[in-house]
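Novice: Have a look at the structure that comes next, please.
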Amino acid sequence: LIDNFTSVIGRALTRTFYPVLQQAIGFGSAFEGWTAREKEVVYHVLIPLSPPLGHTFHLERDNDQQRPGRNFRVRVELECSCPREHPGVNLLCFLHHPDMVRRRTQQPNLLDSLCTGFYLDVQKIVLWFCVLVRASWRRLPQSRSWHLVLLASTRTCNLRLNNDQESFLVKVLFGVRRHTSDIFITSRPRGAQTPSIMWPETYAMAETKFFRYMARQAPQDSSHIKCLQLLACVLAHKDFSIHSVKTIIMRLLNTIPVSRWHRRYFLLQLSDALEQLRLSLEEKHLEHFILGNQRLPEEIRLPQDVQRAKPPNLFHGLVQDPAAHSQAMQAY
């Protein structure tokens, strides 16, 4: 569905200077083979963006220590298309003659349309894409059998599709790939006050790639997904972070031989996961699985600064809040 959208929209954007929409990437539980506690199926999809002709993207790290996580801005710069020895000679050069290009093409450059100042604006990107979705929906084959509703959001484009038999939700994020790695900076919100030019670094795509890698390595009747599914459903009702449960399973997958995930060892692996959760809660310490992990499979590509970073403690909040720690231990 999303690939159909990007294909139709991509054709409509030909000869414009809006971001180029790359092939969508599915991530999260629905693409990893398990579900959490959602009442309806939720598909999370990332659409990578690349700069249009005459533009470049430069990622700038935000060093504000008051903001959680690692955050970036996407600085948009106009690119010179003149011969190196004769700067300014090309009258259609975005850098030297932006007004001439605008008059000739009748198209705004990216700085004029979807940026705030020099920086790519998440909210403008989302609004722009939602307008394109509404305009292109009737040209998609799915429109003949599905009803589409766009749900309001400032940092994601949320599409609810339903027919007489079923309903599902697609949450579309936008992002920029870091180098050639599996790490993206995305429009995913990080707190209620995330500035519109702030793009948090996200590791969910690398996590999904890790699960796909393990699915190829593990026995055909491996129990790791069943184990994760059961723990996520049970512990979610006790208000445990589903991501912390997923992190523990990923860490066990990365250390226990894949042969030990055969279904005959299901209860053993379930017990190991619960014991690891207990120890982590007692110590108030659970390291992030991707950030700072130098023992990932080679096909999971990380930028050097991500690979060498100090892994954040996912249970840092329990260190700061003794009451929350006591409550978590009682829930366990």
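Novice: Keeping to segment 1-38, report how many residues are open to solvent by less than 20 Å² (accessible area, probe 1.4 Å), in a helix (DSSP H, G or I) and under 18 Å from R188 (Cα atoms).
Specialist: So the count comes out to 1.
Novice: Could you grab me the full set of residues in segment 110-120 that are out of contact with any helix residue (DSSP H, G or I) (no Cβ under 6 Å at 6 or more places or on another chain), in a loop (DSSP other than H, G, I, E, B) and buried (at least 20 other Cβ atoms within 10 Å of the Cβ)?
Specialist: Keep residues of segment 110-120 that are out of contact with any helix residue (DSSP H, G or I) (no Cβ under 6 Å at 6 or more places or on another chain), which gives 110-113, 115-120.
Next, from what is left, pick out any that are in a loop (DSSP other than H, G, I, E, B): 117-118.
If the condition is that a residue be out of contact with any helix residue (DSSP H, G or I) (no Cβ under 6 Å at 6 or more places or on another chain), in a loop (DSSP other than H, G, I, E, B) and buried (at least 20 other Cβ atoms within 10 Å of the Cβ), then no residue fits.
Novice: Please give the number of the condition I225 fails out of (1) in a strand (DSSP E or B); (2) out of contact with any Cys (no Cβ under 6 Å at 6 or more places or on another chain); (3) hydrophobic (A, V, I, L, M, F, W, C).
Specialist: The failed condition is (1).
Novice: I would also like to ask the following. Among the candidates L267, L281, L296, which residue alone is crowded, with 17+ Cβ neighbours inside 10 Å and part of a helix (DSSP H, G or I)? Explain how you work it out, then say what you get.
Specialist: Values: L267 fails: crowded, with 17+ Cβ neighbours inside 10 Å; L296 fails: part of a helix (DSSP H, G or I).
Every option except L281 fails the conditions.
Novice: Another question, then. Failed condition for I225, given (1) in the same structural domain as L59 (by the TED database); (2) aliphatic (A, V, I, L, M); (3) touching a residue at least 60 places away in the same chain (Cβ under 8 Å), with all others met?
Specialist: (1)
Novice: Farther than 25 Å from S181 by Cβ and among the aromatic types (F, W, Y), is that true of Y203?
Specialist: Details: farther than 25 Å from S181 by Cβ: no; among the aromatic types (F, W, Y): yes.
No: the conditions fail for Y203.
Novice: Then there's this: Restricting to segment 150-181, and then to whatever is under 24 Å from A206 (Cβ atoms) and aliphatic (A, V, I, L, M), can you tell me which residue is surrounded by the fewest Cβ atoms within 10 Å (Cβ to Cβ)?
Specialist: Restricting to residues being under 24 Å from A206 (Cβ atoms) and aliphatic (A, V, I, L, M), the top hit is L169.
Novice: Among the residues of segment 254-264, write down those that are assigned to a loop (DSSP other than H, G, I, E, B) and either over 24 Å from the mean Cα position of the chain (by Cα) or β-branched (V, I, T) (or both).
Specialist: So in segment 254-264, the residues assigned to a loop (DSSP other than H, G, I, E, B) come out as 254-257.
Listed by number, the residues that qualify are T255, I256, P257.
Novice: Please enumerate the residues belonging to segment 157-167 that are over 16 Å from W137 (Cβ atoms) and in a strand (DSSP E or B).
Specialist: Residues of segment 157-167 that are over 16 Å from W137 (Cβ atoms), as a first pass: 164-167.
Within segment 157-167, S167 is the sole residue that qualifies.
Novice: Could you tell me which of the residues I197, I125 is in contact with a Phe, Trp or Tyr (Cβ under 6 Å, 6 or more places away or on another chain), part of a loop (DSSP other than H, G, I, E, B), modelled with pLDDT of 95 or more and open to solvent by less than 50 Å² (accessible area, probe 1.4 Å)?
Specialist: Details: I125 fails: part of a loop (DSSP other than H, G, I, E, B).
Step by step, each of I197, I125 is checked, and only I197 is in contact with a Phe, Trp or Tyr (Cβ under 6 Å, 6 or more places away or on another chain), part of a loop (DSSP other than H, G, I, E, B), modelled with pLDDT of 95 or more and open to solvent by less than 50 Å² (accessible area, probe 1.4 Å).
Novice: State whether one or more residues within segment 76-86 are surrounded by 14 or more Cβ atoms within 10 Å (Cβ to Cβ), modelled with pLDDT of 95 or more and in contact with a helix residue (DSSP H, G or I) (Cβ under 6 Å, 6 or more places away or on another chain).
Specialist: yes
Novice: Looking at segment 228-253 only, could you name the residues that are farther than 16 Å from L281 by Cα and not in a helix (DSSP H, G or I)?
Specialist: H237
Novice: Taking the stated definitions as given, is H288 over 27 Å from the mean Cα position of the chain (by Cα), closer than 23 Å to C233 by Cα and open to solvent by less than 60 Å² (accessible area, probe 1.4 Å)? Let's see the steps before the verdict.
Specialist: Values: over 27 Å from the mean Cα position of the chain (by Cα): no; closer than 23 Å to C233 by Cα: yes; open to solvent by less than 60 Å² (accessible area, probe 1.4 Å): yes.
The answer is no for H288.
The values are calculated or read from the model by the stated rules, or taken from the named source; none is laboratory data. This one's a predicted model, so the numbers in the text were calculated from it and none came from an experiment. With ideal geometry, Cβ positions are generated from the backbone for all residues, glycine too; neighbour counts draw on all protein chains shown. Calculation scope for accessible area: heavy atoms of the full protein, side chains included, ligands and nucleic acids excluded. Shrake-Rupley method; radii C 1.70, N 1.55, O 1.52, S 1.80 Å.
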